[in-house]
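So the structure is just underneath, and the comments pick up after that.
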Amino acid sequence: MTAVQVWQFFLSGLTTGGTYALIALGFSLVYNATGVINFAQGEFVMLGGMITATAIAAWGLPLWLAALIAVAITTVVGLVLDRAAIRPARHSSVVVLIIITVGASIFIRGLASIIWGPNERPLPAFSGEAPIVIFGATITAQSLWVLGATLVTALIMWAIFEYTIVGKAMRACAINPHAAQLCGIELSRMVSWSFALAAAVGAIAGIVLAPITMAQYNVGTMLGLKGFCAAILGGLGNGLGGILGGLVLGVLEALGAGLVSSQYKDAIAFIVLIIVLLIRPSGLLGREGGDP
Amino acid sequence: MRTLMSHKTLPLALLALMAVAVILVGCPPQPTEDVPPMDATPPVEDNTPTGEAIKIGGIFDTSGAASALGEPEANTAMMLQEKINAEGGIDGRPVEIVIRDTKGDEVEGLTVTKELIEKENVVAIVGPSRSGTTMAIIDYIESAEVPLVSCAAARAITDPVKKWVFNTPQSDEDAVTKIFGYCNAQGITKIATMTASSGFGIEGLKQLEKLAPAAGIEIVGKEEFTDSDKDFAPQLTNIKNSDAQAMVCWGIGPAPSLIAKGAHDLGFEIPVIMSHGVANQRFIDGAGEGAEGVILPAGKLLVADQLPDDDPHKELLLQYAADYEAKYDKAADTFGGHAWDAVMIVVKAIEANGAEPAQIRDGVESTTDFAGIGGTFNFSADAHYGLNPEAFVMVTIQNGEWTLLDAASADDAATDEEPTG
Amino acid sequence: MNATAETQPQPVAENEALVMARRRRAQKLQILSLFALVIVLPLAVRNSYYIHVIIFIGLNLILATGLNLLMGYAGQVSLGHAAFFGIGAYASGILTATYGWNAWPAMLAALVVTCLVAWLVGRPTLRLKGHYLAMATLGVGIIVSVVLRQWVDLTGGPAGMKTTGITTFGWELRSDADVHYYYFVWGWVCVLTILFANLVESRPGRALRALHDSELAAQILGIDTAAFKVRAFVISAAYASIAGTLYAHSSMRFISPTPFGFQTSIALLVMVVLGGQGTLWGPVVGAVTITFIQEFLRPFGEWEIVVYGLILMVLMVVMPGGLARGLGMLWHWGRERVGRLRAARAGGGA
């Protein structure tokens, strides 16, 4: 086992980890506002990739416009999900809300399979297919796009939460919803915001990932699961933790597949999850003793 | 509210249970035949056969993990129903293919099989698409005594022979034989395997390991992946750094395209050999430049137009491809071909022997020299799998097009041995 | 968005003991009527296809009842319950088919293995406050399904494995004769339902309910909440294991990893919540409803799954307490209306 090989595993794991990180961010956004684990998060990722692929292939749009449309449509889907299903049930228990998101994910996936059929759709890489060699390891240009998108999205999210009124209000709601409401923050509007942002982040993940993995109606389930795992790993509800969790998970998976066993790759990720839960239940960056 | 139901809700509980009973008992008199099956085609006007319809069940994984297989199979079955009825049916009786979806789930597969046999009274069943869904219904099929012609490839389906069960797809064993024939011709003695952890991939690996010693081939690297994987660089890096002279990849769906692409990105210098599981246009679309030069054994459908004119299958293959594309506006693929073969074998058996389940079974078992999409079928009492390695041709991808590899390398693959089972 | 909205004003009990006795009597009646229905149903339903459907409703019912104990009473969620179902099925499948055991000791061995796994997962995670069990079980669910797929020598891998029937003292239960297996499975359903009813009315059961209402209050009353939660979790896993064994020896005589994955875990969750967690009949209503929605939707073809998702959302929005409660309230409301109408008419007539 050479160092270059390990370096190769690390780099390719980082790419996968970038998408996990974005998905984890989506989970955390909704979780903070509602306490709900949004099982439709993976479907937002699927929609992002599918809509972009369709817009480019069928409508002949340029990539930037297709991506913009994909993010816009997915955001609307997120908003509709909130208004039509989550808000009417907002007084119900968390488990009921989770089941509603499960229903939504089944619904969206089913519609997608009717609209687009069961086959996967390729999407051209944003900037050519030529591989790039970094210290002996190969990485595609698209991988850099994924990492770049993760970084930029994380920065934008940070800016929103740090500097905008809406962001500050959302943080207030996450810390103490009752106190936030007393201060005149409308909780249900914050929930809408969180769904919209989560959908947009999910769509971005789907768009940058699609050229690497192709878009298909059923990619949401597994990606959602891995993203959720990343979110827990980093500390559910902690944005920065989710990003770190995603990257760690991606790298561990790649190292596990390359060095230990490619057969048990998926199990490795979740064994790590359980170990982390046992040793540090609040996640890598979660507050100690915090409620997940 | 968190307490158990109080006495006040007793009537409700009873009501719910009674409702179950009523619905269940009430169901049988309302046959569901009235409900049009999915993709229902309008009745054909001209040349309409009269008489009681012969009902054949079609069970396919049209949704769920194997929907890419189930969809073309269901489409093909519907297309054949229309075609057969337009040509006057079987002995003047129309054919009705009742299609059900297993959703890729074994219990659901058994449920719809029971529905088809006990409510719809079908005389034979074609499908399911996947080995798992097929294995789950075999015991029931044997006890219900209705012939099943499966579109799934696993050896366990027809080995050992089960009285009522047949299958049409080319076997993995034949595919491996063909690949090793090619390797021998090219002087490749060391290979690395990259196989899916699915039923298909594991069966492929088993056959690769079993047949390698006899073919004088050594497996120097073994990697696996799951169908939902998105990143294959770790496994491919290991293979690249091994001393393998070729990589043999065994899988279905998007993963093999991504593997071909990944191998290209990593700068593979050894040939990439795929299984017959990727023999469709989507593989080329998905792999992009990575598809160039990939070699695989495939059914003849893929390169029908390049076959010599004296090939017994050429006309049939071109006809099927044209019909399918005209009706569904999509290219026909090997999976649809499995359903074509299954339906037509059953239809021929009915024409030859009669439309009772036992007659159909005997008819299928005595089918010989039947030229289908997948190859020429020869069934017998101890071979319920009817093809041999000659059903495959070796193809490669050049400039994004399927290209038949020269006949010389393709031929000596089949000469080594010809398993009959 | 928390559970407080769910509590409904309850009629003040005149006497706690009296209410309890009355409730027990009512439950006995309900379970007896379930028995009666189970016995006579095959007389009315002759088609073996329907019998087959009802057998699998029974299996779902056992699974949902176990999960209901965990969710409705211990207030914990399991996202990987299909794993225990799978361990039960594979442990008894492997022991009978590969090692030639009789199905009964195999079932017991499967039960022991499942409980052990559940205990190992539950003990550390349930000591923590919050939904750590949900996350840990999610992981366990995935790990188990990966192991079932990859340990080909033992499990046959994704291609699955053939299993055997159940033999009792030399007499083989013919699982292909569906009615026999129907009585066998529903016999288990009845036994496990009675067990469940007794469990939740027993002292530990009441402790569990107190725990679900307010963990803090329960702790103050001196209840070792963690220990109770672990027990509830292990028992719910045991239910899943029994269902697994029954699945392994059903008329398919075949098991593969597919039915024991994440999708099934979620489907079970849906069944319990849709039916009404924390009620005796919730799982029954949930399992039956879901099966019938699916049977009813079959002719919809590719739209089936879309309509299913839609129905799920609508039902949960309209009846967040579950169908069993929702229908109960509807019944209650209707009876009140009828009563009031009658009273009005009687008043008008006088």
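Name the single residue, out of those in the stretch C:285-344 being at pLDDT 80 or above and basic (Lys, Arg), that is farthest from residue A:88 (Cα to Cα). Only one residue tops the list, namely C:342.
The numbered conditions (1) open to solvent by less than 30 Å² (accessible area, probe 1.4 Å); (2) in a helix (DSSP H, G or I); (3) over 20 Å from residue C:155 (Cβ atoms); (4) within 14 Å of chain A (Cβ to nearest Cβ) are all true for residue C:65 except (4). Residue A:236: aliphatic (A, V, I, L, M) and within 16 Å of the chain's Cα centre (by Cα), yes or no? Spelling it out, residue A:236 is indeed aliphatic (A, V, I, L, M) and within 16 Å of the chain's Cα centre (by Cα). Among the residues of the stretch C:42-62, write down those that are touching an Asp or Glu at 6+ places or on another chain (Cβ under 8 Å) and either closer than 30 Å to residue C:218 by Cα or in a loop (DSSP other than H, G, I, E, B) (or both). If the condition is that a residue be touching an Asp or Glu at 6+ places or on another chain (Cβ under 8 Å) and either closer than 30 Å to residue C:218 by Cα or in a loop (DSSP other than H, G, I, E, B) (or both), then C:47 is the only one that fits. Does residue C:157 fit the bill of being closer than 17 Å to residue C:97 by Cα and at pLDDT below 80? When the stated conditions are applied, residue C:157 does not pass them. Here residue C:187 meets the list (1) within 14 Å of chain B (Cβ to nearest Cβ); (2) modelled with pLDDT of 85 or more; (3) surrounded by fewer than 19 Cβ atoms within 10 Å (Cβ to Cβ) almost entirely, failing just condition (1).
Of C:110, C:159, C:103, C:97, all but one fail to be in contact (Cβ under 8 Å) with a residue 24 or more places away in the chain, in contact with a Lys or Arg (Cβ under 7 Å, 6 or more places away or on another chain) and away from chain A (no Cβ under 14 Å); the exception is C:97.
Could we say that residue B:270 is more than 13 Å from chain A (Cβ to nearest Cβ) and out of contact with any helix residue (DSSP H, G or I) (no Cβ under 6 Å at 6 or more places or on another chain) here? Steps first, answer last, please.
On the way: more than 13 Å from chain A (Cβ to nearest Cβ): yes; out of contact with any helix residue (DSSP H, G or I) (no Cβ under 6 Å at 6 or more places or on another chain): yes.
Against the criterion (more than 13 Å from chain A (Cβ to nearest Cβ) and out of contact with any helix residue (DSSP H, G or I) (no Cβ under 6 Å at 6 or more places or on another chain)), residue B:270 qualifies.
Check whether at least one residue in the stretch A:43-53 is closer than 26 Å to residue C:309 by Cα and surrounded by fewer than 24 Cβ atoms within 10 Å (Cβ to Cβ), and report yes or no. No, that holds for no residue.
The residue pairs whose first member lies in the stretch B:120-136 and is more than 10 Å from chain C (Cβ to nearest Cβ), whose second member is among the small types (Gly, Ala, Ser) and surrounded by fewer than 24 Cβ atoms within 10 Å (Cβ to Cβ), and whose beta carbons are closer than 7 Å, counting only pairs six or more residues apart or on different chains, are B:123/B:355. Within the stretch B:144-160, restricting attention to residues that are within 11 Å of chain C (Cβ to nearest Cβ) and of a type outside the set (Gly, Ala, Ser), which residue is most open to solvent (accessible area, probe 1.4 Å)? Filtering first and then ranking leaves B:155.
Rundown of residues vs (1) among the aromatic types (Phe, Trp, Tyr); (2) over 18 Å from the mean Cα position of the chain (by Cα); (3) within 12 Å of residue B:70 (Cα to Cα), yes/no style:
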residue: B:96; (1), (2), (3): no, yes, no
residue: B:101; (1), (2), (3): no, no, yes
residue: B:112; (1), (2), (3): no, yes, no
residue: B:126; (1), (2), (3): no, no, yes
residue: B:136; (1), (2), (3): no, no, no
residue: B:140; (1), (2), (3): yes, yes, no
residue: B:143; (1), (2), (3): no, yes, no
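Against the criterion of being of a type in the set (Gly, Ala, Ser) and touching a residue at least 12 places away in the same chain (Cβ under 8 Å), residue A:40 qualifies. Annotation note: of B:212, B:255, B:263, the sole residue that is over 26 Å from residue B:331 (Cβ atoms) and not hydroxyl-bearing (Ser, Thr, Tyr) is B:212. From the list A:206, A:202, the lone residue that is closer than 27 Å to residue A:49 by Cα, more than 14 Å from chain B (Cβ to nearest Cβ) and in a helix (DSSP H, G or I) is A:202. Consider the stretch C:218-237 and keep the residues that are charged (D, E, K, R) and assigned to a helix (DSSP H, G or I). The one that is modelled with the lowest pLDDT is C:229.
Residue C:98 satisfies every condition listed in (1) open to solvent by 60 Å² or more (accessible area, probe 1.4 Å); (2) modelled with pLDDT of 90 or more except (2).
Please go through the stretch A:17-66 and give me each residue that is assigned to a loop (DSSP other than H, G, I, E, B), under 30 Å from residue A:91 (Cα atoms) and either touching a His at 6+ places or on another chain (Cβ under 6 Å) or among the aromatic types (Phe, Trp, Tyr) (or both), ordered by number. Steps first, answer last, please.
In the first step, residues of the stretch A:17-66 are kept if they are assigned to a loop (DSSP other than H, G, I, E, B); the result is A:35-40, A:58-62.
Cutting the leftovers down to under 30 Å from residue A:91 (Cα atoms) gives us A:35-40.
Of everything in the stretch A:17-66, just one residue is assigned to a loop (DSSP other than H, G, I, E, B), under 30 Å from residue A:91 (Cα atoms) and either touching a His at 6+ places or on another chain (Cβ under 6 Å) or among the aromatic types (Phe, Trp, Tyr) (or both), namely A:39.
Residues that are touching a residue at least 24 places away in the same chain (Cβ under 8 Å) and either buried (at least 23 other Cβ atoms within 10 Å of the Cβ) or outside any helix (DSSP H, G or I) (or both) within the stretch A:83-96 comprise A:86, A:90, listed in sequence order.
What helices (runs of 4 or more DSSP H) lie completely within the stretch A:220-292 and have 3 or more residues being open to solvent by less than 40 Å² (accessible area, probe 1.4 Å) and without any contact (Cβ under 8 Å) to a residue 60 or more places away in the chain?
Details: elements: A:220-234, A:239-255, A:265-279.
Result: A:265-279.
Under the condition of being more than 10 Å from chain B (Cβ to nearest Cβ), farther than 28 Å from residue C:78 by Cβ and either open to solvent by less than 10 Å² (accessible area, probe 1.4 Å) or of a type in the set (Val, Ile, Thr) (or both), the residues counted in the stretch A:1-21 number 1. Assuming residue C:286 fulfils every condition listed in (1) more than 18 Å from the chain's Cα centre (by Cα); (2) within 14 Å of chain B (Cβ to nearest Cβ); (3) not aliphatic (A, V, I, L, M) apart from one, which condition is it? Tallying (1) more than 18 Å from the chain's Cα centre (by Cα); (2) within 14 Å of chain B (Cβ to nearest Cβ); (3) not aliphatic (A, V, I, L, M), residue C:286 fails exactly one: (1). Residues in the stretch B:247-275 that are open to solvent by less than 10 Å² (accessible area, probe 1.4 Å) and either of a type in the set (Lys, Arg) or part of a loop (DSSP other than H, G, I, E, B) (or both): B:251, B:275.
Look through the stretch C:310-350, keep the residues that are within 7 Å of another protein chain (Cβ to nearest Cβ), touching a residue at least 40 places away in the same chain (Cβ under 8 Å) and not small (Gly, Ala, Ser), and return whichever of them is surrounded by the most Cβ atoms within 10 Å (Cβ to Cβ). Ranking the qualifying residues of the stretch C:310-350, first place goes to C:316. Hey, any hits in the stretch A:161-177 for a residue that's of a type in the set (Ser, Thr, Tyr) and surrounded by 17 or more Cβ atoms within 10 Å (Cβ to Cβ)? The answer is no; no qualifying residue exists.
Scanning the stretch B:278-307 for residues that are assigned to a helix (DSSP H, G or I), more than 14 Å from every other protein chain (Cβ to nearest Cβ) and either closer than 11 Å to residue B:333 by Cβ or in contact (Cβ under 8 Å) with a residue 24 or more places away in the chain (or both) gives B:300, B:301, B:302, B:303, B:306. Remark: pairs (first residue in the stretch A:123-145, more than 9 Å from chain B (Cβ to nearest Cβ) and closer than 30 Å to residue A:59 by Cβ; second residue modelled with pLDDT under 85 and open to solvent by 30 Å² or more (accessible area, probe 1.4 Å); Cβ separation under 7 Å; 6+ apart in sequence or on different chains) = A:141/A:127; A:141/A:128; A:141/A:130; A:141/A:132.
The values are calculated or read from the model by the stated rules, or taken from the named source; none is laboratory data. Predicted model, so just to flag it, every value in this text is computed and none were measured. Using ideal geometry, Cβ is built from the backbone for each residue, glycine included, and neighbour counts are taken over all protein chains shown. Surface areas here come from the heavy atoms of the whole protein model, side chains and all, with no ligands, DNA or RNA. Shrake-Rupley method; radii C 1.70, N 1.55, O 1.52, S 1.80 Å.
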